[in-house]
1. Per residue, how much accessible surface does the chain expose to a 1.4 Å probe? Answer in Å², no decimals.
2. Can you list the equivalent-ellipsoid semi-axes of segment 34-76, largest first and in whole Å, using the square root of 5 times each Cα gyration tensor eigenvalue?
3. Counting only protein heavy atoms and a 1.4 Å probe, tell me what percentage of the chain's accessible area is made up of carbon and sulfur.
4. Taking the Cα of Thr22, stepping 7 Å toward and past its beta carbon, and measuring to each backbone N in segment 44-66: which are under 16 Å?
5. If r is the Cβ-Cβ distance from Asp63 to Asn29 and R0 is 30 Å, what FRET efficiency results, to the nearest 0.05?
6. So, counting K/R as plus one and D/E as minus one, what does the shell of residues with Cβ under 12 Å around Pro20 add up to?
7. For the chain, list log₁₀ I(q)/I(0) at each q in 0.11, 0.12 Å⁻¹, using the Debye formula over Cα point scatterers of equal strength and ignoring solvent, two decimals each.
8. Taking H placed 1.01 Å from N in the peptide plane, check which residues at least 5 places from Ala42 or on another chain put their amide H under 5 Å from its amide H.
Amino acid sequence: MIEDVIKLSEAYVSYTGLRPSTVSTYAANDGKWLVGLMEGTAGCTIRKASRVIQWYSDNWPTDLAWPVGVRRPAKSKVAA
């Protein structure tokens, strides 16, 4: 799941132009976490990875292809 979070993060950051720390604040409520995960200095529980992947699914740009090989959960009822 960590690889999936990193793939999603790289695609989202590249597409939006937002800094990884900004995306990390939005997705994980921790501006340092995503940067640490990408650098290999932070860990990730299954619960946190699931929440972050759900955030990406709920907030993914409609004109950006979801990364191949990453399972996409259905949008949350709140986000739908």
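1. On the way: 5010 Å² over 80 residues.
On a per-residue basis, 63 Å².
2. On the way: eigenvalues 87, 32, 17 Å².
Over the Cα atoms of segment 34-76, the ellipsoid semi-axes are 21, 13, 9 Å.
3. Carbon and sulfur atoms account for 53 percent of the accessible area of the chain.
4. 60-61
5. Details: r = 27 Å, r/R0 = 0.89.
Computed FRET efficiency for Asp63 and Asn29 comes out at 0.65.
6. Working: positive: Arg19, Lys32; negative: Glu10, Asp30, Glu39.
Summing Lys/Arg as +1 and Asp/Glu as -1 gives -1.
7. Each listed q maps to, in turn, -0.24, -0.29.
8. For Ala42, the qualifying residues are Leu37.
The values are calculated or read from the model by the stated rules, or taken from the named source; none is laboratory data. The structure displayed is predicted, hence computed values, not measured ones. We place every Cβ from the backbone using ideal geometry, glycine too, and count neighbours over all the protein chains shown. Surface accessibility is based on the protein's heavy atoms, side chains included, excluding ligands, DNA and RNA. Shrake-Rupley method; radii C 1.70, N 1.55, O 1.52, S 1.80 Å.
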